[in-house]
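Have a look at the structure below before the remarks.
The values are calculated or read from the model by the stated rules, or taken from the named source; none is laboratory data. These numbers come from a predicted model, not from an experiment. Here the Cβ positions follow ideal geometry from the backbone for every residue, glycine too, while neighbour counts run over all protein chains shown. Ligands, DNA and RNA are stripped out before the accessible areas are found, and what is left, the full protein with its side chains, is counted by its heavy atoms. Shrake-Rupley method; radii C 1.70, N 1.55, O 1.52, S 1.80 Å.
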Amino acid sequence: ASLGLARLNGACRVFGGPQAQLPARPPTNNGGAGLPQLPEDTRGAEIGTATTLLAALAGAFALELADLIDAILPEWLIPGDVQSPPPQVVAGALGLGWAYDRYAQRGELFSTISRGLGRLLDRDMKREATVDSAAFLAAYLLGLPSFPYTPSAARALDMLQEVGEQMQSQLQPPARLLDRLLIWQLAPVVVEGQVYDEILLSETQLPLQTLRAARRKEATVGVDTTQGDWTADDDELRVRWAYGEARRLMTRFKGVRERLQQQMAAGVSVGDCVCLVEEDMRSQWSAV
């Protein structure tokens, strides 16, 4: 509410400003020709493969350790004789697996394992700032008060339930709040794909989850899921349309997002990020 009042008073002109106007829904009777495809999200397979490998290595290590200490432990603790695979057999099996994957599968399996391990073990602060800056900028430009937060289906619906009516009144009609949420959720996907050529942190399935959840809770949340002339049969095309709009927005304001990313990586506050966006965008408008 305070952001909306600040916008009306001229203090936050960029929040939900002229750049927030959404184009009309494209024709959907042509199978979505001309709409971009979302990048493939393989996180399930990657994490599953990496977890399987880690479990297998942990099992082999546990057997090797049990074999080493079997002689000094009492019989009742580890009954029988523990036999672990020789280390050279384990190393040989890994080597053969790598060679087969390298020359027969073009390294796809080990690439999948590497990405899965990255998801499980690594924390790339620069990548996080890249993704967060995209979500922040998209939400702020579109007039969504969720801009300080990471996109999620639950947060999106909670926001609609709490301040949806205020947002409807503050944005030029038709507000098309659900379409704005989809663009916000897909902005990180766009930027992460552009910068890193793969999707690790952002979620491509989140918009579809949001649409389905909004339709189930339409009466309680108070959102019109058909606003924009969409139907339930258009969900996949609607997400592709939102992806294209997110890509257009992030391309147009690439410089602002990059400066915002630098500030986020430096650990500045939300208020500082708002000031950066407002000042940067106003300087662009005054130069036109």
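Quick check on my filter: what residues within segment 148-176 are in contact (Cβ under 8 Å) with a residue 24 or more places away in the chain and part of a loop (DSSP other than H, G, I, E, B)?
Once the filter is applied, which keeps residues that are in contact (Cβ under 8 Å) with a residue 24 or more places away in the chain and part of a loop (DSSP other than H, G, I, E, B), segment 148-176 yields 148, 151, 152, 171, 172, 174, 175, 176.
Name the pairs: first residue in segment 188-212 and over 11 Å from residue 134 (Cα atoms), second residue surrounded by 23 or more Cβ atoms within 10 Å (Cβ to Cβ) and among the hydroxyl-bearing types (Ser, Thr, Tyr), Cβ to Cβ under 6 Å, at least 6 apart or on different chains?
195/130
Please go through segment 17-29 and give me each residue that is at pLDDT below 75 and open to solvent by less than 80 Å² (accessible area, probe 1.4 Å), ordered by number.
Scanning segment 17-29 gives 17, 19, 20, 28.
Results for (1) farther than 15 Å from residue 134 by Cα; (2) modelled with pLDDT of 90 or more, shown as yes or no for each residue.
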| site | (1), (2) |
| --- | --- |
| 238 | yes, yes |
| 248 | no, yes |
| 278 | yes, no |
| 287 | yes, no |
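Does residue 227 satisfy the criteria of being assigned to a helix (DSSP H, G or I) and open to solvent by 10 Å² or more (accessible area, probe 1.4 Å)?
No; evaluated as a whole, the condition is false for this residue.
Taking segment 132-147 only, how many residues are assigned to a helix (DSSP H, G or I) and under 27 Å from residue 219 (Cβ atoms)?
Residues that pass the stated criteria total 2.
Between 192, 203, which is of a type in the set (Asp, Glu), assigned to a helix (DSSP H, G or I) and either surrounded by 15 or more Cβ atoms within 10 Å (Cβ to Cβ) or over 20 Å from the mean Cα position of the chain (by Cα) (or both)?
Checking each option against the conditions leaves just 192.
Just to be sure, is residue 238 without any contact (Cβ under 8 Å) to a residue 24 or more places away in the chain, of a type in the set (Lys, Arg) and not in a loop (DSSP other than H, G, I, E, B)?
no
Residues checked against (1) within 16 Å of the chain's Cα centre (by Cα); (2) surrounded by 14 or more Cβ atoms within 10 Å (Cβ to Cβ); (3) more than 21 Å from residue 164 (Cβ to Cβ):
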residue	(1), (2), (3)
214	no, yes, no
221	no, yes, no
234	no, yes, yes
238	no, yes, no
243	yes, yes, yes
265	no, yes, yes
274	no, yes, yes
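Quick check: anything in segment 263-275 touching a residue at least 40 places away in the same chain (Cβ under 8 Å), in a helix (DSSP H, G or I) and among the small types (Gly, Ala, Ser)?
Yes, some residue in segment 263-275 is touching a residue at least 40 places away in the same chain (Cβ under 8 Å), in a helix (DSSP H, G or I) and among the small types (Gly, Ala, Ser).
Do we find a residue being touching a residue at least 24 places away in the same chain (Cβ under 8 Å) and more than 17 Å from residue 183 (Cβ to Cβ) anywhere in segment 241-255?
Looking through segment 241-255, at least one residue is touching a residue at least 24 places away in the same chain (Cβ under 8 Å) and more than 17 Å from residue 183 (Cβ to Cβ).
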